[in-house]
């Protein structure tokens, strides 16, 4: 078997496996790192590898940001998530620290192959909405501060992205810029947190 390079670390390997966070073919060492990151411990469910969250951070809404599938949180809301909310480098999707990443592009904008199909963005948002529903069922107090994901560097418009959240649970709060797109008879009360 001819060795190939791991799509995450770049090391040559003869065995690859699919990443659980995106569609990369990664080596077994990188896969073990993913397992270590995703293991949860104690009742507070802090992810191994996250910075330790303060009590104050645990009380604040979960910061929902637009990411890339590679989890390179280098600009915009993704950088804020990494610097202030515990987002994990190389984890593009899912809960991390006191944040939740939703990929809206493959790699940082400007690099070759950065775009992903809109259907993939829809899929990631649907997965987040299911997660938010599950959280609401067990913790009525936990809220999600949803930024205008994908409407910055990734180039999607408010008109494209905001309506994908029309059926979001009551525990999701939105950027006020999205208010005109989230009006619904099914959700007479919707919370808005401001603007990022």
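The values are calculated or read from the model by the stated rules, or taken from the named source; none is laboratory data. No experiment lies behind these values; they were computed from the predicted model shown. Here the Cβ positions follow ideal geometry from the backbone for every residue, glycine too, while neighbour counts run over all protein chains shown.
Observations, loosely collected:
- Residue 86 being in the same structural domain as residue 126 (by TED's automatic domain parsing) and surrounded by fewer than 24 Cβ atoms within 10 Å (Cβ to Cβ): yes
- Some residue of region 161-179 being buried (at least 16 other Cβ atoms within 10 Å of the Cβ) and without any contact (Cβ under 8 Å) to a residue 24 or more places away in the chain: yes
- Residues in region 74-128 that are more than 22 Å from residue 9 (Cβ to Cβ) and in a strand (DSSP E or B): 95, 99, 100, 102, 104.
- Residue tally, condition modelled with pLDDT under 95 and either on the phi > 0 side of the Ramachandran plot or in a helix (DSSP H, G or I) (or both), over region 151-162: 1
- Residues in region 134-147 that are out of contact with any helix residue (DSSP H, G or I) (no Cβ under 6 Å at 6 or more places or on another chain) and either under 19 Å from residue 103 (Cα atoms) or in a strand (DSSP E or B) (or both): 2 in all.
- Checking 144, 128, 93, 118 one by one, the residue that is in contact (Cβ under 8 Å) with a residue 40 or more places away in the chain and exposed (fewer than 15 other Cβ atoms within 10 Å of the Cβ) is 118 and no other.
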